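Working notes, beginning with the structure itself.
The values are calculated or read from the model by the stated rules, or taken from the named source; none is laboratory data. Quantities reported herein were computed from a predicted structural model and do not represent experimental measurements. As a convention, Cβ positions derive from the backbone with ideal geometry for all residues, glycine included, and neighbour counts pool all protein chains shown.
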Amino acid sequence: MSLLGNPKFEEFKAKGHLPSPKGVALQVVRLTQQEEVSSQQIAHVIKADPALSGRLIKAANALMVYNTRPVVAVSDAVTVLGINMVRQLALGFSLVADSREGYCKRFDYTGFWAQSLLTAIAAQHLIRHKGIGSGEEIFILGLLGQVGRLALATIYPEDYAELLAKASEDDSVDIAAREQSKFGFDHCQLTQAMLADWGMPRSFQDVALLHEHPEEAHFAEGSRDWKLLNVMHIASELAAVCMAPTQRRRKMVPHLMLMAARWGVETEMLIELGDGVIRGWAEWGRLLEIRGVEFPPFSELLRATQLLPGTMDVPAMTSGTAQFFKLRILLVDDDRTILLLLKTMLSNAGHEVETARNGVEALAMVEKITPQLIISDWMMPEMDGIAFCRKLRENPAWRSIYVFIVTAQESVDRLVEAFEAGVDDYLTKPINSKVLGARLRAGQRVVQLQEELAFDRQQLREFAEELATSNHRLQQLALTDVLTGLPNRRYAIDRMDQEWALSKRVQRPLSCMMVDIDRFKSINDTFGHKVGDEALKHVVHALRSSSRKQDVICRLGGEEFLVICPDTSLEQAWQQAERLRQQVEALKLNTAGKQIQMTVSIGVSSNADTEILSPDMLMQQADRRLYAAKSAGRNRTVSD
Ligand SMILES: Nc1nc2c(ncn2[C@@H]2O[C@H](COP(=O)(O)OP(=O)(O)OP(=O)(O)O)[C@@H](O)[C@H]2O)c(=O)[nH]1
C-alpha cells in the first residue's frame, strides 16, 4: 500500500521531518508547478544561487547527448533540460547540498550520497549502453531512488541508528524487513511516497519501490518499466559494489555480474561501464561537493573477487509438458559469467553441461564428449561462432549435433549467414530463461528423434551382422566334416578348381594326394566304431603335422582324404606323402590293452603331367594311383 495520503506520512511532512528542497531550489519547485511559467522566469530564480546554476549548466552539458554546442548560460541550460528536468535536478541537488550531515549517528550521510550519485551515473551509462534512452531522466531516479533511507535517518535518528547497528552485526535479515518490523513501513515505500509528493513520474515511483527486488515486480518483460527496473537494479548493485568493503564486495560481485549477464551486459562491458561510472563520479562528486570518497578503477575492484558456481541465484527454466530428455550440452562463450549463468541454468534443469571459451577449444571438446546440443556465442576471439559451426559441419560425424548461435542482433542477413554455416536455431541476448527453455525443448525433440533413428539403424545393422554371421556359420557347417573339423568333399572340389586356376595363372605346379587308411574296416570290427573314430582323428593329426601351411586337407568321406598341395612338384608331393605315411605307421594307439597298428596308402598326382587337363583328371589320377598302392600291398605311396 502506498504511504502517500497515509496520516503518518502527512504528519512527517507537516512537521517538516522529511528531507525537502529549500531556498532557491524550493522556489524552483514551486514555480515549475504553476501552469504558466517561462524558462526565462525559472532561469532568473536559479541565477540567485550560483552553486545550483553551475550544477544545472554542468548537468545540461553532461546529460544531453545530442547537444553539440556547449551550454554556458543558465537560461540555455533550462531550455536544453526542459522545465521538468530542471525541477527534478534542482530538487536533487538541493537535497544533496542540505543533507550532508544529520543526527543519526550510524547513518553515513556522505556515503549515502556517494552511493546515490554512483547509482545515478551508472543508470545513465546503462540506459545509453542499451540504447533505450538518453539517460537524463534516469539520472534523477538514480540519485533519489533511495531517499527514503535518508528520510528514516532524519525522522528517527536514534531508532534508525540502533537498527543500522543491529543490521551491521547480522546481515542475514534485510534492512527493509527490519524497517518494516520497527516502523511499519520501509525505506522503499517511503521513497515511493516522497517521489510521488515531489511530482515525479509514476513509473519512477514504482521502480523506486521495487528495484531492490526486481523479481517481485510484475512488469511485462521488455516493457519500458521493466527495462527501467533492471537498469536501476544493476546500477544500484554496481554502486553498492563500489562502496562495499572488500570482504562484502566478494559476496556481491557474483550477483552483479549475473544480473548484468542476464541482461546482456557481459563482464568486459560491465568493467568498461564501471570504469566509466568511476570516471563520471570524479567529476560529479566534485560538482556536488561530495568529498572524501574515492575509488580505484572498477576492473581492480572486480579483480579481487571470484565468481563461483553455487553463489548464484539463476532463473529456473520451465520444463513444459514434454517428457524430460537429458541432453549432453556444450556451451561456448568467451564470457565467463554468461558461461556460468547458462551452465547453472541448464545443470539445474538436469542436463549434463561442459563449457569452452572459443571455437578452437570447443572443437577439442566436441571431439572429447560428442555433445548432442551446442549453444555458442557468435562473437568470440580466435574462432567465432560461425567459423566454429562451419568447421563442425565438415565432420560427417558431427553433422547431427543441434547448434544454437547466440547473437546480440537479429538482422536478417546475419541470421541467413548463420543458417548457411549450419546453425539450427538462434537465441538473442539478453537470454530469457523462458525462451531458452522453449527453444531447448524444440532442440530436444530433434535430438531425441535423431537418436531414436540412430538406434533403429544400429539395431538393423546388428541384425544384419548377426544374419551374416549365422549364414557364414551355416555355410561353414555345410562345408565342414563334423567329426574331424576338416573341409568336406564339396569344399574339396571347389577348392581344387580354384587352386587349379591359380596354378595355371601363376604357372606354378599343383599336386594332390589321395590318402586312404588301410583295412580300416577291421579296426572298426575289432575295437568298435568309437575306437575307429579316435583312430581317424589320430590320422588327421598326422596329416596336419606333416603338411605345410598352404596345403589344404579335406575329408572326402569314410577313411579317405585329399591333400591339395599348391606350388608343389610331383617329387615334393611324393616326399611329403612318404613323410605322412611313415608318421602314421609310427603311430602308437593303445586300446583295451592292445596296440592298434595303422597304415595308409597314398596316390600322388601333379598337373605337370601334360595328360592332366583338368582338376577332375588330377584327382582321378591320384585315385588311380591310390588303388595301385592298395593293390601293391598297401602302406605305400605311388606317384607314377
Ligand atoms: N569309425 C568310423 N568308421 C568309418 C567312418 N567312415 C567310414 N567308416 C568305416 O570305414 C570302413 C571302410 O572300409 P572299406 O572301404 O572296406 O576299406 P578298408 O577296410 O579300409 O580296406 P581297404 O581300404 O581296402 O584297405 C567301413 O567299415 C566304414 O564303415 C567313420 O566316420 N568312423
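In the list 37, 24, 45, 28, which residue meets the criterion of being assigned by TED's automatic domain parsing to the domain that holds residue 92, touching a residue at least 12 places away in the same chain (Cβ under 8 Å) and not in a helix (DSSP H, G or I)?
37
Take region 400-427 and flag every residue that is within 16 Å of the chain's Cα centre (by Cα) and in contact (Cβ under 8 Å) with a residue 60 or more places away in the chain.
Within region 400-427, 406 is the sole residue that qualifies.
Would a scan of region 492-501 turn up a residue that is in contact (Cβ under 8 Å) with a residue 12 or more places away in the chain, within 16 Å of the ligand (Cβ to nearest atom), charged (D, E, K, R) and out of contact with any Asp or Glu (no Cβ under 8 Å at 6 or more places or on another chain)?
no
Would you please list the contacts, defined by Cβ atoms under 6 Å and residues six or more apart or on different chains, that run from a residue in region 514-529 that is over 17 Å from residue 582 (Cα atoms) to a residue that is more than 6 Å from the ligand (Cβ to nearest atom) and not aromatic (Phe, Trp, Tyr)?
523/535; 527/591
Can you pull out every residue in region 521-553 that is farther than 14 Å from residue 592 by Cβ, within 8 Å of the ligand (Cβ to nearest atom) and crowded, with 19+ Cβ neighbours inside 10 Å?
Within region 521-553, just 536 meets the criteria.
Which count do you get for residues in region 1-49 that are over 21 Å from residue 76 (Cα atoms) and of a type outside the set (Phe, Trp, Tyr)?
Summing the residues that are over 21 Å from residue 76 (Cα atoms) and of a type outside the set (Phe, Trp, Tyr) in region 1-49 gives 21.
Among the residues of region 114-131, is there at least one that is assigned by TED's automatic domain parsing to the domain that holds residue 244 and on the phi > 0 side of the Ramachandran plot?
The answer is yes, given that some residue of region 114-131 is assigned by TED's automatic domain parsing to the domain that holds residue 244 and on the phi > 0 side of the Ramachandran plot.
Any idea which of (1) surrounded by 21 or more Cβ atoms within 10 Å (Cβ to Cβ); (2) in contact (Cβ under 8 Å) with a residue 60 or more places away in the chain; (3) more than 18 Å from residue 199 (Cβ to Cβ) is the one residue 94 doesn't satisfy?
Going through (1) surrounded by 21 or more Cβ atoms within 10 Å (Cβ to Cβ); (2) in contact (Cβ under 8 Å) with a residue 60 or more places away in the chain; (3) more than 18 Å from residue 199 (Cβ to Cβ) one by one, residue 94 breaks only (3).
Of all the residues that make up region 150-172, how many are of a type outside the set (A, V, I, L, M) and part of a helix (DSSP H, G or I)?
Here the count works out to 9.
If a residue has to be at pLDDT 95 or above and either in contact with a strand residue (DSSP E or B) (Cβ under 8 Å, 6 or more places away or on another chain) or within 15 Å of the ligand (Cβ to nearest atom) (or both) to count, how many in region 608-619 make the cut?
2
So for region 428-446 (the condition being closer than 21 Å to residue 339 by Cβ, over 18 Å from the mean Cα position of the chain (by Cα) and touching a residue at least 40 places away in the same chain (Cβ under 8 Å)), does at least one residue qualify?
No: region 428-446 contains no residue that is closer than 21 Å to residue 339 by Cβ, over 18 Å from the mean Cα position of the chain (by Cα) and touching a residue at least 40 places away in the same chain (Cβ under 8 Å).
What are the residues in region 566-575 that are on the phi < 0 side of the Ramachandran plot and surrounded by fewer than 22 Cβ atoms within 10 Å (Cβ to Cβ), if any?
Selection gives 566, 569, 570, 571, 572, 574, 575.
What residue, among those in region 502-520 that are surrounded by 13 or more Cβ atoms within 10 Å (Cβ to Cβ) and away from the ligand (no atom under 15 Å from the Cβ), is farthest from the chain's Cα centre (by Cα)?
This residue is 513.
So, residue 367, is that one farther than 24 Å from residue 445 by Cβ, of a type outside the set (A, V, I, L, M), surrounded by fewer than 18 Cβ atoms within 10 Å (Cβ to Cβ) and touching a Gly at 6+ places or on another chain (Cβ under 8 Å) or not?
no
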